[in-house]
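Remarks on the structure that follows.
The values are calculated or read from the model by the stated rules, or taken from the named source; none is laboratory data. None of these values were measured; they are calculated from a predicted model. Using ideal geometry, Cβ is built from the backbone for each residue, glycine included, and neighbour counts are taken over all protein chains shown.
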């Protein structure tokens, strides 16, 4: 194994742009989600949270649901060579399972683990090296929210299979769906998962899944951003609420509510956070299969296969352009 790794950094994650986004997060009191993955420490906190609360780590039915989706993707993509683009790859566990299946079906795969975090992209790359040689793995770091030329950087001459697992809840649909649609060419595929609100009653389903967010590990992960800037634990507390967003969707929102004033200085600018002020740290939309199909169709994406866990809390969708 080589002692160095070549990682491509998109301009959206160049220092000046990251600084601009950080200051905007504090000025608007709405934290860009990418700042929760910014350091190795935060990456480790997220991985611990994922290990403890993600159904894919402890629910065998969830694992089999993804495996069924992967098997269908391998079946319909009949070309010998396929380029897997792992958007928001995280630790890469699901992408690696997919790569293993493609290999067992005789497909030759290349892999671009893409994340806003260099640490995450490297973790996913390391996991993928169990399946692929180093010269078939191309880590790519970018901010999906602002990178408008992803096809230029990520698409190759081979057919693409874009994966987007566990990410769509943390983006505004009007923002991310055009990005995904623009990345796909004719005969490319998108395989993504959406967190669902279980049952026929949307609101009751939201209440049921709230403990997956309102727990010590999530609080520890989310507050790391503020604490690294100089905020202290005694300055306030995190509260989780369920809110109605646009397009008929509901989401879980986490805010840090200041119980006393705090002044912090970031990149030469001071921010005064008075008692009673709240900063939105995080949000996560929960979908229904019907809403997924409806929203994708509005952006020229058709669902050709879908699989839901028995708990109805997670769904996987295989899509292609109209």
**Prompt:** Taking the condition at pLDDT 95 or above, surrounded by 13 or more Cβ atoms within 10 Å (Cβ to Cβ), closer than 28 Å to residue 173 by Cβ and in contact with a helix residue (DSSP H, G or I) (Cβ under 6 Å, 6 or more places away or on another chain), does residue 191 pass?
**Reply:** yes
**Request:** Identify the residue in the stretch 214-230 that is touching a strand residue (DSSP E or B) at 6+ places or on another chain (Cβ under 8 Å) and surrounded by fewer than 19 Cβ atoms within 10 Å (Cβ to Cβ) and, among all such residues, is nearest to residue 286 (Cα to Cα).
**Result:** 214
**Message:** Regarding the stretch 303-315, can at least one residue be identified that is exposed (fewer than 15 other Cβ atoms within 10 Å of the Cβ) and either in a loop (DSSP other than H, G, I, E, B) or outside the structural domain of residue 249 (by TED's automatic domain parsing) (or both)?
**Reply:** yes
**Message:** Any residue that is under 19 Å from residue 15 (Cα atoms), surrounded by fewer than 21 Cβ atoms within 10 Å (Cβ to Cβ) and in contact (Cβ under 8 Å) with a residue 40 or more places away in the chain - is there at least one of those in the stretch 107-119?
**Reply:** yes
**Prompt:** Would you call residue 276 in a loop (DSSP other than H, G, I, E, B) and over 19 Å from residue 201 (Cβ atoms)?
**Reply:** yes
**Asked** Can you list the helices (runs of 4 or more DSSP H) found entirely within the stretch 43-113 that contain at least 3 residues being closer than 19 Å to residue 160 by Cα?
**Response** 60-76, 93-104
**Request:** Could you list all residues from the stretch 128-168 that are assigned to a helix (DSSP H, G or I) and buried (at least 19 other Cβ atoms within 10 Å of the Cβ)?
**Result:** 128, 150, 154, 168
